[in-house]
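Below is one structure, written out as structure tokens, with a few remarks after it.
Read the figures in this text as sums done on the coordinates, not as results from a lab. Just so we're clear, the structure is a prediction, and the values are computed from it rather than from any experiment. Quick reminder, even Gly has a Cβ in these numbers, built from the backbone with ideal geometry, and neighbours come from all protein chains shown.
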Amino acid sequence: MDILGEILKQVLEGAAQQQAQQPQRQPQPQPRPQQPPQGMPSSNDLTDILSQIFGGGGAQKLPDVVKQFEEKGMRDQVDSWVRTGPNKPVDRRQIEDAFGERELDHLARSKGLDRDQLAEVLAKYIPRIIDELTPQGQMPVRR
């Protein structure tokens with residue numbers, strides 16, 4: 001079962017619905033198929049990147065990712081993502097700090113993306129994904 005893929009699909013669909021509900025000044029025709037802006041990840045690229053970060057579809061590296069953030073002084077934020085309730089935000093610089101510039105460069109280059117834009121996207125989605133991976137407000141027990 002690819003739990004990470006299912007969660008990412010739900011998160012991306014939710015983001016698309018939110019964007020569609022926001023009022024627009026003038027309707028803009030959307031080209032088909034819709035391509036992400038230059039340097040931004042497509043949903044397939046984002047799925048691949050998040051699978052690398054979280055250790056595949058079963059998110060085996062979730063405890064390691066949480067630990068990375070905690071070790072960089074973001075325990076309050078991570079706790080809000082794991083626990084039930086609102087998620088505290090994280091910004092691009094905190095993502096860079098948690099993963100390191102070299103790792104983000106590697107992830108971005110592997111998909112032909114801009115590192116700064118990738119960090120922005122990860123800052124937006126990682127809290128939501130960790131929240132979804134911990135629905136009972138606790139880290140899963142490692143086996």
Surrounding net charge for I49, when Lys and Arg each add one and Asp and Glu each subtract one, Cβ distance under 14 Å: -1
Segment 62-137, dipole about Cα centre (Lys/Arg Cβ +1, Asp/Glu Cβ -1), debye to the nearest 20: 120
HN-Hα J in Hz across segment 125-137 - Karplus 6.51, -1.76, 1.60, θ = phi - 60°, x for Gly and Pro: 9, 4, x, 5, 5, 4, 4, 5, 6, 10, x, 8, x
Formal net charge of residues neighbouring M74 (Cβ-Cβ distance under 13 Å; K, R +1; D, E -1): -2
